[in-house]
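The values are calculated or read from the model by the stated rules, or taken from the named source; none is laboratory data. Source: prediction; values computed, not measured. Counting neighbours? That spans all protein chains shown, and the Cβs are built from the backbone with ideal geometry, glycine included. The protein model used for the area step is the full one, side chains on, heavy atoms only, and it has no ligands, DNA or RNA in it. Shrake-Rupley method; radii C 1.70, N 1.55, O 1.52, S 1.80 Å.
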Amino acid sequence: MIEGADQINVRLANGGKSLKAKFIGSDATSDLAVIKIDAKNLPTAKFGDSSKVRVGELAIAIGNPIGEELAGSVTSGIISALNRKIQYGGSVYKVLQTDAAINPGNSGGALCNAVGEVIGINSLKLGISNRKNVEGIGFAIAINEASDIVDQIMKYGRVARPRLGIYGKDAVSEKNGNIKGVYVQEVIKESGAATAGIRPTDIIIELDKEKVYSFQDLLTITEKHKIGDNVKCKIWRNGNTIEVNIVLSDIVENK
């Protein structure tokens with residue numbers, strides 16, 4: 001991430017002029033940051049509407065693979081899938097899948113449609129976390145999703161997300177009648193889960209009256225709410241079902 005840099009320079013495409021930039025804020029989870037440069041009459045990219053993107057449409061990835069030597073490189077492909085839900089860093093992102101080559105320098109660059117509108121932000125981080133030695137699969141955070149992240153960074157300097165406050169994994173407890181849910185590995189201090197009395201080794205089996213079978217389910221349900229919401233949670237502990245109320249809290253990334 002760009003956060004913590006002593007100096008930020010932005011090199012313009014027309015003529016290679018370099019301008020100093022001010023750091024506004026970032027979101028480590030999505031690998032997005034907002035910076036500001038003081039200049040006039042700069043060209044701007046036009047955002048498209050990622051909800052209108054269709055499978056099979058042209059996808060153009062722009063970036064600087066392996067550094068400035070190949071600055072402004074363009075790779076093309078098609079949109080392979082829409083609204084993929086990728087879990088990363090405790091969050092779920094709606095992403096576009098493409099077969100356009102996305103290399104380290106392309107990460108953070110634009111994914112454009114045939115008329116030059118930005119429809120996504122390329123993310124190598126999401127791709128690596130979900131790729132198992134296969135090629136032709138790249139991911140970009142849908143621009144509608146990225147816009148929401150950028151808006152929060154511009155307003156608050158970071159992204160606020162509702163969290164239960166646990167780290168866990170999918171679990172099936174054969175010793176307890178094949179109880180399925182999310183096994184709690186760690187409870188974050190001062191989180192809603194900690195206040196509610198959730199403990200490591202608990203198995204979350206239901207949240208907000210919805211059955212939980214995986215950590216993905218837990219994230220999906222949580223994302224339907226906002227910070228401060230009080231949700232009912234059922235857990236399996238030592239052979240007993242216990243119901244608690246958890247207030248969703250804003251847990252700062254890298255806290």
Checklist entry - If we sort 178-185, 39-46, 155-162 on the protection proxy, mean other Cβ atoms within 10 Å, highest first, what's the order? => result 178-185, 155-162, 39-46
Next on the checklist: Heavy atoms of the protein only, probe of 1.4 Å, neighbouring chains included. What is the accessible area of S30 in Å², nearest 10?
Outcome noted: 0
Item to check | Near-label residues of segment 206-229 by backbone N, under 13 Å of a point 7 Å along Cα→Cβ of R237 | outcome: none
Item to check | Contour excess over end-to-end distance, with Cα ends at D208 and K169 and 0.36 nm allotted per residue | outcome: 12.2 nm
Next on the checklist: Less than 30 Å apart at the alpha-carbon level, and either on another chain or at least 8 residues along: which lysines does that give for K234?
Outcome noted: K85, K94, K169, K175, K180, K189, K209, K211, K224, K226, K255
Item to check | Segment M154-I8, extension gain: residue separation times 0.36 nm, minus the distance between their alpha carbons | outcome: 50.8 nm
Next on the checklist: Suppose R0 equals 51 Å. What FRET efficiency, 1/(1 + (r/R0)^6) with r the Cβ-Cβ distance, do N41 and E190 give to the nearest 0.05?
Outcome noted: 0.60
